[in-house]
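Novice: Next up is a structure, given as structure tokens.
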There are 2 protein chains.
Amino acid sequence: MGYFKIMEHFKILKKSSECSARLGQINTKHGSISTPVFMPVGTKGSVKSLTSQDLYELNAKIILGNTYHLYLRPGIETIKNAGGLHKFINFERPILTDSGGFQVFSLGDLRKIDENGVHFTSHIDGAKHYFTPEKVISLQRDFGIDIMMCFDECVAYPTDYDYVKKSVDITTKWAILCKKEFEKNNDNSQFLYGIIQGGMYKDLRLKSLKSLLDIDFDGYAIGGLSVGEPIDLMYEILEFTSQYMPQDKPRYFMGLGSPIDIWKAVECGIDMFDCVMPTRNARNGTLFTFNGKINIKNAQYKNDFLPIDSECDCYTCKNHSRAYLHHLFKSDEITVFRLNTLHNINFMLKLFNMVKNSILDDNFLYTKNNFIKHFKKNSFCN
Amino acid sequence: MGYFKIMEHFKILKKSSECSARLGQINTKHGSISTPVFMPVGTKGSVKSLTSQDLYELNAKIILGNTYHLYLRPGIETIKNAGGLHKFINFERPILTDSGGFQVFSLGDLRKIDENGVHFTSHIDGAKHYFTPEKVISLQRDFGIDIMMCFDECVAYPTDYDYVKKSVDITTKWAILCKKEFEKNNDNSQFLYGIIQGGMYKDLRLKSLKSLLDIDFDGYAIGGLSVGEPIDLMYEILEFTSQYMPQDKPRYFMGLGSPIDIWKAVECGIDMFDCVMPTRNARNGTLFTFNGKINIKNAQYKNDFLPIDSECDCYTCKNHSRAYLHHLFKSDEITVFRLNTLHNINFMLKLFNMVKNSILDDNFLYTKNNFIKHFKKNSFCN
């Protein structure tokens, strides 16, 4: 553990001369991660359709889990008995868990918030549960998570100013309690990030961020964006918020996003991303290429014997045609879910390699614009 | 092609001194197969949840496809354009296709049989189709199939004597037409097997077999068994029929079966097997071990951190616990289908290695009885 005490959690390797984009390195007990990084989502302990070996072979450096889901099933006892989440799912690279705030608040009538936490009813079996900031930190500690997130209230879009103001106060209060609980048993092998809320109100975003800075976290996340607001408003709040985020700490945009949004967020200095889109799209037949998205269900692929992307080096593109994937999809053959997911995750990781190289070569804006031009060319949507 | 002309399709390497079990080798354009062999089922062009690489790594030597399904979707044009079924699905080992007789006759009211073939309505889009023996052979030829099956009528259990008698006559007539069509363009790179029918009537089984022997096929299959009849009746018809099947040709029991049934059929001299059970069971959470079957859904596995089978060398057992598989299954995480399937197919292939070694070492009966004793010990069913 002494090793981690003397090791910085985050280090900036290079900054773009053109914008706020930066190349960095996050260090954890389970390995180092170069940033900007995409984290595939494994909510319940698996990245849907993939195994750990798939993730290793794709070179995914970190994945996401969800405290709320893993707490309900398999439950803390099973994960503790297994020796932690890494051992339970047999993934020996870094894992970040979201606190479950987003999931709890998505329960609607099934949850009731008070000053100290949230009472909620399990969506699985109707059992009653109570999440407090302390509880959520203690769960993530016992999971053996590398990067924990504070318990926060994620408000929907739109929400009125007064509610968001009160909500930011509660999120701040909970962040203090999370940090306190975290410090109780801090052996420097785990890290805790704060989550900036404040809805679409700049003054509340700033207030939320400043309060978190006073508490002092290992990293800072933007929560409550990309929740259904217009895209220009999202960019506005992102640009506004990111300029006040500390330079020397990782910056995480929760739940982003589309390839184009990712370039824009990296330009604002964001380092970490997660999104279910590549995996969910894969299961819906939507596949990413550097020339845009394609929908493999379309009849045009029935006799198309090219790979999804001729320049792609993923297992699927090296071995199978669009015609075969089209056939499997139309025939409800479940092998296609994994083949599609392997491709889409590989695309995201290659996209981030492109992003990182462009910062390294200091041609971020040119590379970004070039990517967007080609990606938009044939896409049926953003 | 000359290579295949001088190469025997089937060769017996060793016979058991205790029973009719034999060790053999089937040679095809896409490679050799040692027998007895289990053929994983890839009805529509994929073994459900697996990729070709999975099948190579499992060391599956031959897989099954289905003419009826592949004809309807993706259709013969797509498969021809791809350069044949092997190229379409990217599996460069032998493929056997069932003719689709079983599937067509399972359509019930959607099909109408006449002397020359069967009119049927697609279960996919309601389109009308007509299968003749000639058509079914020509499809399998164009698929580039290594081992083709004759078009037969597979009768249900029970069916009265008169119907089965007439049905055997039609199956025989069609077998003649299949052979004739096959010989038209026979370049010795493909092989054609006849299918013995006759329901549960020994004289009709014998009549069917003798007619097929007169036509002369590359191999002989027992069809229309394991279709719901009592197990003892199945064994009785199997034992009766197999004793008249030629020694020097491959013998294939279509659609079998459970591990115990397989031992009994090998004892009768059967060389080839296919069954959806290991893959279907995998997707239902039923996993095979040499100490019996387990149902991974059961609560007892929630905190069981052992692998499915501690002695198993499959990817799943080397990397994951029963508790993790139980969790994935309960959480509807689709990764579990592949993990379970990898294990069950590996089990079947290991079972056949055990079968082959016992013939090689001439201790088939001891090995069989020992297997059954252990397998039945903890199984919740046969």
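Novice: B:Phe120 is checked against (1) in contact (Cβ under 8 Å) with a residue 24 or more places away in the chain; (2) touching a helix residue (DSSP H, G or I) at 6+ places or on another chain (Cβ under 6 Å); (3) not charged (D, E, K, R) and fails just one. What number does that condition carry?
Specialist: Evaluating B:Phe120 over (1) in contact (Cβ under 8 Å) with a residue 24 or more places away in the chain; (2) touching a helix residue (DSSP H, G or I) at 6+ places or on another chain (Cβ under 6 Å); (3) not charged (D, E, K, R) leaves (1) as the failure.
Novice: A:Asp169 passes all but one of (1) modelled with pLDDT under 95; (2) over 19 Å from the mean Cα position of the chain (by Cα); which number fails?
Specialist: Here A:Asp169 meets the rest and fails (1).
Novice: Also, I was wondering about something else. Mind counting the residues in the range B:128-153 that are more than 29 Å from B:Phe91 (Cα to Cα) and touching a helix residue (DSSP H, G or I) at 6+ places or on another chain (Cβ under 7 Å)?
Specialist: So the count comes out to 1.
Novice: To continue, here is another question. Counting only residues that are in a helix (DSSP H, G or I) and acidic (Asp, Glu), which one in the range A:204-254 is nearest to A:Phe151 (Cα to Cα)? Show your work before the answer.
Specialist: As a first pass, look at the range A:204-254 and keep what is in a helix (DSSP H, G or I): A:204-215, A:231-242.
After this cut, where a residue has to be acidic (Asp, Glu) as well, the list is A:214, A:232, A:236, A:239.
Values: A:Asp214: 17, A:Asp232: 28, A:Glu236: 25, A:Glu239: 24 Å.
Looking at residues that are in a helix (DSSP H, G or I) and acidic (Asp, Glu), I get A:Asp214.
Novice: Continuing with this model, one more query. May I ask you to verify whether B:Ser17 is under 27 Å from B:Phe347 (Cα atoms), at pLDDT 95 or above, out of contact with any strand residue (DSSP E or B) (no Cβ under 8 Å at 6 or more places or on another chain) and buried (at least 21 other Cβ atoms within 10 Å of the Cβ)? Steps first, please.
Specialist: Details: under 27 Å from B:Phe347 (Cα atoms): yes; at pLDDT 95 or above: yes; out of contact with any strand residue (DSSP E or B) (no Cβ under 8 Å at 6 or more places or on another chain): yes; buried (at least 21 other Cβ atoms within 10 Å of the Cβ): no.
For B:Ser17, the condition - under 27 Å from B:Phe347 (Cα atoms), at pLDDT 95 or above, out of contact with any strand residue (DSSP E or B) (no Cβ under 8 Å at 6 or more places or on another chain) and buried (at least 21 other Cβ atoms within 10 Å of the Cβ) - is not met.
Novice: Given the conditions (1) within 14 Å of chain B (Cβ to nearest Cβ); (2) within 17 Å of the chain's Cα centre (by Cα); (3) assigned to a loop (DSSP other than H, G, I, E, B), report the number of the one that A:Gly257 does not fulfil.
Specialist: The single condition A:Gly257 does not satisfy is (1).
Novice: If only one of A:Asp125, A:Asp98, A:Asp109, A:Asp114 is of a type in the set (Asp, Glu), surrounded by 14 or more Cβ atoms within 10 Å (Cβ to Cβ) and out of contact with any Asp or Glu (no Cβ under 6 Å at 6 or more places or on another chain), which one is it? Give the steps one after another, and end with the answer.
Specialist: On the way: A:Asp125 fails: surrounded by 14 or more Cβ atoms within 10 Å (Cβ to Cβ); A:Asp109 fails: surrounded by 14 or more Cβ atoms within 10 Å (Cβ to Cβ); A:Asp114 fails: surrounded by 14 or more Cβ atoms within 10 Å (Cβ to Cβ).
When all the criteria are applied, what remains is A:Asp98.
Novice: Now, a different point. Working only within the range B:177-194, note down all residues that are closer than 13 Å to B:Ile137 by Cβ and within 23 Å of the chain's Cα centre (by Cα). Steps first, answer last, please.
Specialist: Quick first cut of the range B:177-194, residues closer than 13 Å to B:Ile137 by Cβ only: B:177-186, B:190-194.
Correct list: B:Cys178, B:Lys179, B:Phe182, B:Gln190, B:Phe191, B:Leu192, B:Tyr193, B:Gly194.
Novice: For B:Gly31, which of the numbered conditions (1) more than 13 Å from chain A (Cβ to nearest Cβ); (2) at pLDDT below 95 fails to hold?
Specialist: Looking at each condition in turn, B:Gly31 falls short on (2).
Novice: Just need a number here: residues in the range A:172-198 that are closer than 21 Å to A:Asp160 by Cβ and in contact with a Gly (Cβ under 6 Å, 6 or more places away or on another chain).
Specialist: So the answer is 2.
Novice: Additional query: Looking only at the range B:172-211, count every residue that is closer than 15 Å to B:Glu134 by Cα, at pLDDT 95 or above and loosely packed, with under 15 Cβ neighbours inside 10 Å and tell me the total.
Specialist: 4
Novice: Now for a different question. Check B:Gly126, B:Gly144, B:Gly108, B:Gly100 and return the single one that is at positive phi, of a type in the set (Gly, Ala, Ser) and at pLDDT 95 or above. Lay out the reasoning, then the answer.
Specialist: Numbers: B:Gly126 fails: at pLDDT 95 or above; B:Gly108 fails: at pLDDT 95 or above; B:Gly100 fails: at pLDDT 95 or above.
The conditions single out B:Gly144.
Novice: If the requirement is being outside the structural domain of B:Lys373 (by TED's automatic domain parsing) and either buried (at least 22 other Cβ atoms within 10 Å of the Cβ) or within 25 Å of B:Thr367 (Cβ to Cβ) (or both), which of these qualifies: B:Lys249, B:Lys264?
Specialist: Answer to the selection: B:Lys264.
Novice: Please work out which residue is nearest to B:Leu139 (Cα to Cα), limiting yourself to the range B:53-85 and to residues that are facing chain A (nearest Cβ under 9 Å) and part of a loop (DSSP other than H, G, I, E, B).
Specialist: Per the stated criteria, the residue is B:Gly75.
Novice: Okay, next question. Within the range A:320-355, track down each residue that is of a type in the set (D, E, K, R) and crowded, with 19+ Cβ neighbours inside 10 Å.
Specialist: A:Arg322, A:Lys330, A:Glu333, A:Arg338, A:Lys350
Novice: Please go through the range B:120-138 and pick out each residue that is of a type in the set (Val, Ile, Thr) and in contact with a Lys or Arg (Cβ under 8 Å, 6 or more places away or on another chain).
Specialist: Correct list: B:Thr121, B:Ile124.
Novice: Can you pull out every residue in the range A:140-154 that is surrounded by 23 or more Cβ atoms within 10 Å (Cβ to Cβ) and not acidic (Asp, Glu)? Give the steps one after another, and end with the answer.
Specialist: Step one: list which residues in the range A:140-154 are surrounded by 23 or more Cβ atoms within 10 Å (Cβ to Cβ), which gives A:140, A:143, A:145-154.
Those that are surrounded by 23 or more Cβ atoms within 10 Å (Cβ to Cβ) and not acidic (Asp, Glu): A:Gln140, A:Phe143, A:Ile145, A:Ile147, A:Met148, A:Met149, A:Cys150, A:Phe151, A:Cys154.
Novice: Pick from the range A:356-375 the residues that are within 17 Å of A:Ser258 (Cβ to Cβ) and either assigned by TED's automatic domain parsing to the domain that holds A:Gln25 or aromatic (Phe, Trp, Tyr) (or both): which of them is surrounded by the fewest Cβ atoms within 10 Å (Cβ to Cβ)?
Specialist: A:Phe371
Novice: Among (1) buried (at least 23 other Cβ atoms within 10 Å of the Cβ); (2) in contact (Cβ under 8 Å) with a residue 40 or more places away in the chain, which single condition is B:Cys317 missing?
Specialist: In the conditions (1) buried (at least 23 other Cβ atoms within 10 Å of the Cβ); (2) in contact (Cβ under 8 Å) with a residue 40 or more places away in the chain, B:Cys317 misses (2) alone.
The values are calculated or read from the model by the stated rules, or taken from the named source; none is laboratory data. In this text the structure is predicted, and so the values were computed from the model without any measurement. Heads up, the Cβs are rebuilt from the backbone with ideal geometry, glycines too, and the neighbour counts pull from every protein chain shown.
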